[in-house]
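What follows is a set of notes on a single structure, which appears directly below.
The values are calculated or read from the model by the stated rules, or taken from the named source; none is laboratory data. No experiment lies behind these values; they were computed from the predicted model shown. So basically every Cβ, Gly included, is an ideal-geometry build from the backbone, and we count neighbours across all protein chains shown. The area values use the complete protein model at the heavy-atom level, side chains included, leaving out ligands, DNA and RNA. Shrake-Rupley method; radii C 1.70, N 1.55, O 1.52, S 1.80 Å.
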Amino acid sequence: MKHWLRRQRYLADFTLAALARRRVKNTGLIVIYSIIVFVLASAMMFSAALRHEAGTVLAKSPELIVQQLVMGRHEMIPGSEIEKLAGIRGVAAVKGRLWGYFYDSVNGANYTFMVPDDDSYDLQPGEAILGEGIGKARDFTWDTAPLFVTSLAGKMVKFTVRETFADDSALLTADLVLISEADFRSFFDLPPDVYTDIGVSIRNEREIGTIVQKAQLVMPNARFVTRSDIERTYQRLFDWREGLMTALAAAGVLAFAIFAAEKASGLSAEEAREIGILKAIGWDTGDVIAMKLWEGGLISFGAFLAGTVFAYIHVFSFQAGLFEPILKGWAVIYPDFALAPYIDGLQLATLFAITVIPYTAATLVPIWRAATADPDQVMR
Amino acid sequence: MISLKNVSKLYNEGRPNEVCAAQDIDLELARNKVTVLTGPSGSGKTTLLSMIGCLTRPTTGRVFVDGAMVSGLPEKFQTELRRTKFGFVFQRFNLIRGVSVIENVMLPAAPLGPEYHELRERAQSRLERLGLGAKADMPIEFLSGGETQRAAIARALINDAPVLIADEPTANLDTVLTERFLEIVGELQSEGKTVVMTSHDPRIWQSSHVNTVVRMQDGRIIGVDA
Amino acid sequence: MIFQTPILALLLISALSSVVMLWAGWFALRLLLRWDLASGSRAQLEMERATDLVSTLFGFVMLAQLLSLLLYVFNADRMATLFVGAMCAVGTLNNNDWGFPTLYAKLAIFFVATMWLILDRADRTGHDYPLTRVKFALVLLIVPLVLAAGASELTYFLNLQADVITSCCSTEFTADTEDAGLGSDMSSLAPATALWLLAASGAAVALIGAVSLIWKRGTMLFAAAGAVFFVVALTAIISVISPYVYEHPTHHCPFCILKPEYNYFGYVLYVPLFLGTAFALGAGLLQPFRKVESLAATLPARIRKQVALSLASFVVFGLVVLWTIWQSQLILFG
Ligand SMILES: Nc1ncnc2c1ncn2[C@@H]1O[C@H](COP(=O)(O)OP(=O)(O)OP(=O)(O)O)[C@@H](O)[C@H]1O
Ligand SMILES: [Mg+2]
């Protein structure tokens with residue numbers, strides 16, 4: 001064991017020196033390798049962060065949402081239904097929710113108008129809280145400039161902006177306008193005591209199935225959407241985009257693998273001579289392979305580290321400037337926010353598998369070929 | 001110490017450009033003797049030397065080192081044998097450029113995994129003995145021809161191998177350096193080492209340090225002068 | 001569903017492993033026909049050198065499969081949100097009939113590749129490479145396994161269905177489900193029985209191992225005992241040890257313990273267990289060859305080292321188990 005470790009140390013030492021000697025060739029390789037890792041890592045971290053972000057937001061939303069259907073289409077739900085739902089066992093809280101979309105003809109953007117679920121916002125009539133995308137879309141000159149919008153009925157309405165949302169979870173709040181219930185009803189011309197839908201909080205998540213069954217009996221016309229349904233939809237959306245990126249990047253990885261194999265097999269005369277010498281003076285094929293594996297390992301490690309770190313900075317400090325258009329979609333209101341840093345083991349393992357494994361596979365045969373040089377060749 | 005029985009070596013076996021570089025060779029090399037292989041260019045000296053030093057396997061015939069047959073061994077064991085039994089000095093010295101003198105000297109020991117400081121001291125003592133102690137940390141390419149050769153000898157001695165093998169060691173050296181080389185060979189012999197080398201340099205095979213001269217032609221031994 | 005990065009990565013590893021193994025199989029056939037160490041011919045030399053390549057490739061496949069095993073479980077866990085009823089890896093793997101077979105195949109490849117490497121190492125210490133033919137005959141057996149695992153994995157991922165309601169660890173590893181699978185058999189084992197079994201088989205392994213170390217006999221038995229211990233230990237993990245980790249008497253999942261929520265505790269449990277089993281099997285694998293002439297000098301020592309390493313790993317596993325039970329808030333036995 002001690003011998004083994006020391007032998008590895010000699011091999012690593014020699015390899016490092018050899019890498020330094022062929023600085024130019026290896027720098028090129030490492031740069032390209034790092035770029036590949038960088039692109040893939042950025043895409044993966046970005047979509048994982050979005051996914052995570054969506055998860056955080058969803059964690060705050062009620063377990064079950066109940067919508068009224070009329071002829072299969074979404075309708076306003078009367079407040080009387082709240083009572084029925086609250087009567088079911090296992091239900092912790094029931095709340096009518098008010099929200100709707102609004103098309104802003106000034107700049108062609110869609111806003112989400114919403115009455116906040118929890119009362120802690122304490123919005124007074126005439127006040128609004130805005131997502132940070134709205135000020136941008138409207139070219140607000142200062143943060144709390146009043147918001148003027150034209151209601152459906154053609155009335156011009158003015159809201160004083162109390163605050164804009166802080167950056168966390170901006171993904172889902174960018175286009176959000178929070179207003180008071182009274183404003184909401186008058187803006188959209190709604191009768192009292194109807195809601196967009198009803199949010200149901202449930203004590204034990206395992207009971208959702210039973211509760212939905214019971215609720216279906218009381219409200220045969222309603223649609224029930226569970227939080228996990230929504231979560232699934234989100235996950236799929238993000239996964240799909242990320243997968244697409246990866247599939248595109250696969251071409252890049254393949255090209256890189258070919259390039260790496262080429263590099264590894266096109267030994268310079270100098271390098272071939274070195275290997276010949278080593279073999280003649282008593283290095284075994286296994287020693288040379290181990291040395292070359294050290295070389296590959298050091299290169300991979302360096303490139304993996306560099307690519308990952310730069311991707312991390314790119315995604316979490318520069319909002320993935322290079323990829324936003326592809327991954328976020330093509331909305332007019334463009335969320336511009338710092339993603340909460342988030343990476344996990346699966347991501348890193350996957351990244352490792354799709355970059356280091358192809359590189360290693362592509363270089364193994366050339367390495368072996370170089371290592372099996374005839375030891376007597378240096379005699380000539 | 002080393003004996004070859006009916007050894008032949010074919011290159012490019014079975015192809016139209018087949019060459020028989022050594023043919024039916026029987027040879028005994030005694031312990032603690034200096035042997036020189038000589039003969040015209042292309043006569044198979046280098047080929048024979050690499051079979052003696054386990055660098056190549058003979059196509060047919062057997063090679064014994066210390067009574068054990070080594071010719072049928074897999075490459076891995078030939079390598080193991082090579083690093084414990086033989087030290088090599090090549091015609092073009094074959095030191096690795098860009099690496100310091102002492103590290104070049106240490107290289108043959110690396111796969112054995114010795115303790116680093118111990119190995120370094122060992123290398124330093126070899127270099128000092130050959131008068132290169134002060135140049136240990138210089139890059140190898142800064143050394144002069146004679147110094148390079150002595151560095152190569154130091155490398156050959158690092159594993160304390162009992163046999164030194166040298167292919168045309170003096171081909172690039174002037175008379176003074178050749179003399180110096182022969183002195184070193186004499187010293188090694190007096191320490192109990194066995195030396196085998198090739199040369200077509202009369203200064204070598206006429207030297208008093210040499211015990212046996214093996215003459216070769218067309219891949220065969222045509223005479224042994226003891 | 002296949003357009004997900006971890007899945008693409010897994011398929012990539014399978015594809016590479018399959019290609020490598022197909023080549024190795026083809027080479028093995030040639031070798032079995034023409035291997036002749038006595039020959040000094042170029043062809044023999046080239047074949048000899050190619051065995052170095054095969055060894056390197058096997059090392060690669062072994063490591064890649066280890067990574068793939070981890071990735072497979074991680075990914076199954078993450079994908080659980082995509083399937084109704086799935087809460088962790090078990091649910092995802094139960095989505096269709098190929099999930100668990102793929103997992104078992106991956107485990108098998110890992111062990112088999114490790115075994116092969118152990119044999120390879122031993123072979124290379126004999127100056128006439130005495131086990132080469134055995135080794136390459138084994139390659140021919142491993143090739144179909146790797147291909148089958150790859151095919152099974154592909155089938156599994158292609159057939160993942162979002163709208164299938166899967167059963168997850170809450171049902172799979174609960175004693176009283178209707179469709180009793182292997183998992184429920186394992187968890188339905190009473191915790192006390194499982195612990196007793198674990199202790200008994202642990203003691204047996206230790207005893208046989210000690211005999212093998214001191215009197216140099218019973219090594220094959222030790223290997224068999226190691227394999228039995230592996231199965232018993234997995235059963236015990238499902239039946240009692242994981243409830244101790246989760247501190248919840250009915251949570252039996254063998255995968256959730258790998259999650260960060262439980263401090264990745266599963267690795268501390270599984271790594272020594274896997275190592276111990278691999279070394280034990282390796283010792284048994286080498287045992288028949290200890291009288292081969294060129295290995296007689298080194299192999300017995302090597303076998304004993306394997307037995308010792310195996311025992312040491314099992315001891316670590318045992319300590320981890322004891323520690324788990326000791327520090328857990330859960331009290332299963334009053
Ligand atoms: N790798 C090889 N492939 C083919 N032919 C070879 C090879 N190596 C040597 N030969 C041939 O074998 C013969 C003997 O070569 P060798 O190098 O042993 O001669 P030598 O006596 O050392 O010559 P010199 O004095 O010029 O060094 C030569 O005809 C040479 O062309
Ligand atoms: Mg020559």
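Give me the base-10 log of I(q)/I(0) for the range C:174-334 at each q in 0.09, 0.10 Å⁻¹, Debye formula, one uniform scatterer per Cα, rounded to two decimals. Cα-only, vacuum Debye calculation for the range C:174-334: -0.34, -0.41. Chain B and chain C together bury an accessible surface of about 900 square angstrom, both sides counted, with a 1.4 Å probe and no ligands or nucleic acids included. Comparing C:LEU234, C:LEU11, C:LEU322 in a Gaussian network model of chain C where C-alpha atoms under 10 Å apart are linked, the largest mean-square fluctuation is found at C:LEU322. The mean count of C-beta atoms from other chains within 10 Å of the C-beta of residues in B:49-58, rounded to a whole number, is 4.
Taking R0 as 51 Å, what's the FRET efficiency between A:LYS155 and A:ASP344 from their Cβ-Cβ distance, rounded to 0.05?
Given R0 = 51 Å and the Cβ-Cβ separation, E is 0.55.
Seen through its C-alpha gyration tensor, with square-root eigenvalues sorted a ≥ b ≥ c, the range C:1-167 comes out prolate because a/c lies at 1.5 or above while a/b is bigger than b/c.
Here each label is just a point 7 Å from Cα along the line to Cβ, and for A:VAL31 and C:ALA301 those points are 5.2 nm apart. Charge dipole (Cα centre; +1 on Lys/Arg Cβ, -1 on Asp/Glu Cβ; no other charges) of chain A amounts to roughly 1540 debye. How large is log10 I(q)/I(0) at q = 0.10 Å⁻¹ when the Debye formula is applied to the Cα atoms of chain B, each weighted equally and without solvent? Log10 I(q)/I(0), no solvent term: -0.45.
Residue by residue along B:105-118, Cβ atoms of other protein chains within 10 Å of the local Cβ number 5 on average. Counting Cα-Cα pairs of chain C in 10 Å increments starting at 0 gives whole-percent bin shares of 6, 23, 29, 25, 13, 4, 1, 0. Take every DSSP beta bridge with both residues inside the protein assembly as shown and express the antiparallel ones as a percent of the total, to the nearest 5. Antiparallel: roughly 70 percent of the beta bridges in the protein assembly as shown. Once the dipole of chain B is set up with Lys and Arg at +1 and Asp and Glu at -1 on Cβ about the Cα centre, which of B:GLY192, B:GLY67, B:ASN12 lies farthest towards its positive end? Farthest along the dipole direction, towards plus: B:ASN12. A crude spin-label estimate for the pair A:VAL309 and C:ASN263, with each label 7 Å from Cα along the Cβ direction, gives 3.0 nm. One chain, two ends: A:SER61 and A:VAL106. Fully extended at 0.36 nm per residue, the span grows by 13.1 nm beyond their Cα-Cα distance. The three principal axes of the Cα atoms in the protein assembly as shown give end-to-end lengths of 123, 69, 51 Å, sorted in falling order.
Modelled spin labels at A:ALA255 and C:GLN327, positioned 7 Å past Cα toward Cβ, are 5.0 nm from each other. Note on A:LEU322/B:VAL224: beta-carbon distance plugged into 1/(1 + (r/R0)^6) with R0 of 45 Å gives a FRET efficiency of 0.05. The Cα center of the range C:294-334 and the Cα center of the range C:242-275 differ in position by 18 Å. Calculated [222 nm] ellipticity per residue, helices only, for the protein assembly as shown: -18500 deg cm²/dmol; basis is -39500 (n - 2.57) per DSSP H run with n ≥ 4, divided by all residues, nearest 500.
At 1.4 Å probe size, put A:GLU53, A:GLU181 in order of accessible surface, largest to smallest.
Highest to lowest solvent-accessible surface, that is A:GLU181, A:GLU53.
Once neighbouring chains are kept in place and the probe is 1.4 Å, which whole percent of the accessible area of the range C:1-103 is contributed by carbon and sulfur? Carbon-and-sulfur percentage of accessible area, whole number: 72.
Spatially, the range C:1-53 and the range B:12-64 are offset by 35 Å when compared through their Cα centroids. Estimated at the nearest 10 Å², the accessible area of B:THR84 is 70 Å² with a 1.4 Å probe. Under 16 Å between alpha carbons, and skipping anything fewer than 8 positions from A:LYS25 in its own chain: which lysines qualify? Qualifying lysines at Cα under 16 Å: A:LYS263, A:LYS292.
Across the options C:SER201, C:ILE237, C:PHE265, the greatest Cα extent toward the positive end of the charge dipole of the range C:180-311 (unit charges at beta carbon of Lys, Arg, Asp, Glu) belongs to C:SER201. Averaged over the residues of peptide A:370-378, the number of Cβ atoms from other protein chains lying within 10 Å of each residue's Cβ is 6.
In debye, nearest 20, what is the charge dipole magnitude of the range C:1-131 about its Cα centre with +1 on Lys and Arg Cβ and -1 on Asp and Glu Cβ, if you could check? Walk me through the numbers on the way to the answer.
Details: 8 positive and 9 negative charges, 30 e Å.
Using Cβ point charges on Lys, Arg, Asp and Glu, the range C:1-131 gives about 140 debye.
Accessible surface calculations at 1.4 Å, restricted to protein heavy atoms, place the protein assembly as shown at 43 Å² per residue. Helix B:116-129: angle to the longest alpha-carbon principal axis of chain B, degrees 0 to 90, nearest 10? Approximately 80 degrees, to the nearest ten.
Sorted by accessible area (1.4 Å probe), largest first, how do C:TRP215, C:TRP326, C:TRP35, A:TRP4 line up?
Sorted by accessible area, descending: C:TRP326, C:TRP215, A:TRP4, C:TRP35.
Let me spell out the model: positive unit charges on the Cβ of Lys and Arg, negative unit charges on the Cβ of Asp and Glu, origin at the Cα centre of the range B:59-101. What dipole size does that give, in debye rounded to 20?
Roughly 160 debye for the range B:59-101.
A Förster distance of 41 Å, applied to the separation of the beta-carbon atoms of B:GLN217 and B:TYR116, puts the FRET efficiency at 0.30.
Between the listed residues B:MET106, C:THR51, B:ILE165, the Cα displaced farthest toward the positive end of the dipole of the protein assembly as shown, a dipole computed from Cβ unit charges relative to the Cα centre, is found at B:ILE165.
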